[in-house]
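These notes concern the structure reproduced below.
The values are calculated or read from the model by the stated rules, or taken from the named source; none is laboratory data. Model, not experiment: these values are computed from the prediction. Cβ: placed from backbone, ideal geometry, glycine included. Neighbour counts: every protein chain shown. All accessible areas refer to the heavy atoms of the entire protein, side chains included, with ligands and DNA or RNA removed. Shrake-Rupley method; radii C 1.70, N 1.55, O 1.52, S 1.80 Å.
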Amino acid sequence: MAMVQEAPKPKLHLLAELQGHSDRAWHLAWNPCLPILASCSTDKDVRLHSYSFPSSSSSSSSSPSNDPSTSANSTPVFNLREVIPTGHKRTVRQVAWSPSGKTLATASFDSTVGIWERIEDIDANTVPISSPGSYQNGFQGSLKSSSLAANSNAAKRDDEPEWDCIGTLEGHESECKSVAFSHTGSVLASCSRDKSVWIWEVQPDAEFECLSVLMEHSQDVKVVAWHPKDEILASASYDDAIKLYIDDPSDDWFCFSTLTGHTSTVWSLSFSPCGNFLASASDDRTVRLWRRLSAEECAERNMQVEGKMPGRKGEKWVCVSVLKSWHSRTIYSVSWGFDASEREGNLGRIATAGGDGKICVFEISRDPDVTKLAPITKLAAQIESAHGVSDVNCVSWAPARLSDNPEDENGENSIEELDDEGHPLNRSRLKGSLAGDHDMCDLLASAGDDGTIKVWVLPTSKYAAESSSN
Amino acid sequence: QIEEKIDSQEIFDLIRSITDPEHPLTLEQLAVVDSSYIKVTNNPDRSKQSHVLLEFQPTIPHCSMATLIGLSLRVRLLRSLPSRFKVDIRVREGSHQSENAVNKQLNDKERVAAALENSHLLGVVQGCLSSASRRG
């Protein structure tokens, strides 16, 4: 009697386990410019971990090796950098970094948003780094050489806090659920159980002005997420809908589209790196992929555009895929990241995680048949019981590279040009930046109800072979 | 490691003596809970998740205390059951006029967590739970 055996699915490989939160870890965020990972918890702390790619050669630690043959394959190492007791009166639900990496926002159940910066940046003490280019000193800007520059892998020199609260955004009437900076860093969005989405302008001297209060959802708003290239905001809610907003410069921010289809609360949103797709995760145990149709594509299909206004042709977002049967309980988080590998029609990778304790990673590709709007999704790896018996609340891909020219808040520094696949047009920029030959986009972090943060890679990653753990 | 299996009777014993928020009677005395309303899926070896589906019957269809009772049930199980159990709590089908709305709130982990950070609400829940260990 033949038994049909399912081929075992490749397992995600554990690189690091970061303990310390004394209660559920809700969320995490990778700093886009500095080698720092932030996490937040019901314990009201934000924990910052530094990471580096130490050389595996035997040269002394004072002269870090830039030789790709020794440092390129070394597994990243994570160390606790700082515990920020935020002073929030309740759970810290989400953390978000500004595109410059210099500002951190915290969204709390106490209904406020905290804004944090490094004390030395607040003091405007600018000392240019003298030796740019080596991977441990790979970032410039207003940094004191004694701190991050010296050895990003070490804990801070002293026990003094590095980050301080520079302001609190008040206004929401009940728990704040999410906060996010736009891709230029010029605006910030927050949302709450009070059903509203607030848009704040980021001004110099840590001033934040409320530009708009949007009351479009009929229920608790769970998450806000910004488009990676355009100033489009997405929100998702307990009312099962997703809404998209843009700014009408002559008037106000407004909702130009509502995406329905999920049959229960939508918990998480992630735009694809190319900006043509949006992934949503729901309590209905599915992930939906939505595709942006341009005005031309709408015309071809006799569809009405949305969001048309002077200077804007309009677009329409349509559901092109439903990923179901991968999770047996609520999916709390979805993250769409870069995939540096050379494969046909590469649109990146999607990670999902939820109450079933499972993390799944899918490779996403354009369908070679251009008449098919849905991308091809293929399971690349998964791991069950990622956090033991605990729910997984958040998954997030590391940035493809850490920007070595942090943008200022007005986006005046150059923004790296990306092609449609989300790959940098100028590939040589990868060398010499902090990431160097490191496959940063291989790293996937997760946060669980057990209070831990874990860092994973696909079994095909060079770090899976190098790492001695697991 | 293998943990003990838990059955619906044991779970019933955990919740039967929870006091109703409005009346000085237990949920068992008011027939709000019953062991037949509890379904347990045990997987002590952790090859799959262990699961509890707990249903309860509010005394009247427009009972305004339904979410509070549900919250008390959830807290009781959170504190008493091994952490491997995933718990879903619902009102018995047809027993409440806002069945879907009540169920959705009771099973939204974030809403439950935020509610329990409200000290007043937590105090009321603690009051309902003060009798819980009497077990009938």
Between B:Glu4 and A:Glu231, the two model label points (7 Å from Cα along the beta-carbon direction) sit apart by a distance in nm of 6.2 nm
Ranking B:Arg134, B:Arg46, A:Arg312 from most to least accessible area with a 1.4 Å probe gives B:Arg134, B:Arg46, A:Arg312
Sorted by chain and then number, the residues having a modelled amide H within less than 5 Å of the amide H of A:Gly354, at least 5 places away or on another chain, are A:Tyr332, A:Val392
Any residue on another chain or 5+ positions along whose placed amide H is under 5 Å from the amide H of A:Ala381 is listed here as A:Val361
Expected sort for A:105-114, B:104-113, B:91-100 on mean C-beta neighbours within 10 Å, highest first, is A:105-114, B:104-113, B:91-100
Residues other than A:Thr86 with Cβ under 9 Å of its Cβ, Lys/Arg counted +1 and Asp/Glu -1, net out at 0
Averaged over the residues of A:330-336, the number of partner chain Cβ atoms within 10 Å of each residue's own Cβ comes to 1
For region B:48-61, Karplus-derived ³J(HN,Hα) couplings (6.51, -1.76, 1.60; θ = phi - 60°; whole Hz; x for glycine and proline) come out as 9, 6, 8, 9, 10, 10, 10, 10, 9, 10, x, 5, 9, x
Expressed as a whole number, the average count of other chain Cβ atoms within 10 Å around the Cβ atoms of B:102-109 is 4
Within 10 Å of the Cβ of an average residue in B:45-56, the count of other chain Cβ atoms is 2
B:Ser35 and A:Lys313 label points (each 7 Å along its Cα→Cβ direction) are spaced in nm at 6.9 nm
Probe 1.4 Å, all chains present, heavy atoms only: B:His51 accessible area in Å², nearest 10, is 50 Å²
FRET efficiency for B:Glu22 and A:Asp369 from the Cβ-Cβ distance with R0 = 56 Å, rounded to 0.05, comes out at 0.35
Taking a ≥ b ≥ c as the square roots of the eigenvalues of the Cα gyration tensor, with a/c under 1.5 meaning rounded and otherwise prolate when a/b exceeds b/c and oblate if not, region B:55-135 is rounded
Sequence order, region A:342-352: Karplus ³J(HN,Hα) from phi using 6.51 cos²θ - 1.76 cosθ + 1.60, θ = phi - 60°, Hz rounded, Gly and Pro as x, gives 8, 10, 4, x, 4, 10, x, 10, 10, 10, 9
With all protein chains present, region A:270-381 has a carbon and sulfur share of its accessible area (1.4 Å probe) in percent of 48 percent
Expressed as a whole-number percentage, the relative contact order of chain B with C-alpha contacts under 8 angstrom and at least six residues apart is 30 percent
Ordering A:346-352, B:9-15, B:126-132 by per-residue average of other C-beta atoms within 10 angstrom, highest first, gives A:346-352, B:9-15, B:126-132
Ranked output for segments B:22-30, A:29-37 by mean other Cβ atoms within 10 Å, highest leading, reads A:29-37, B:22-30
As a percent rounded to 5, the proportion of antiparallel DSSP bridges among beta bridges in region B:1-127 is 40 percent
Here the gain from full extension of A:Cys165 to A:Gln19, 0.36 nm per residue of separation minus their alpha-carbon distance, amounts to 50.1 nm
Checked region A:209-352 against the a/c 1.5 cut and the a/b vs b/c comparison, axes a ≥ b ≥ c from its Cα gyration tensor; verdict oblate
Per the 1/(1 + (r/R0)^6) rule, R0 = 22 Å and r from the Cβ atoms of A:Lys324 and A:Met303, FRET efficiency to 0.05 is 0.30
Listed by chain and number, the lysines with an alpha carbon less than 29 angstrom from that of A:Lys308, same-chain partners under 8 positions apart left out, are A:Lys195, A:Lys222, A:Lys229, A:Lys243, A:Lys316, A:Lys372
Semi-axes (Å, rounded, descending) of the ellipsoid equivalent to region B:91-136 per its C-alpha gyration tensor are 22, 18, 8
Counting only residues 5 or more apart in sequence or on a different chain, those whose built amide H sits under 5 Å from that of B:Val91 are B:Phe56, B:Asn103
Here, A:Ala465 and B:Ala101, labelled 7 Å along Cα→Cβ, have an inter-label distance in nm of 5.9 nm
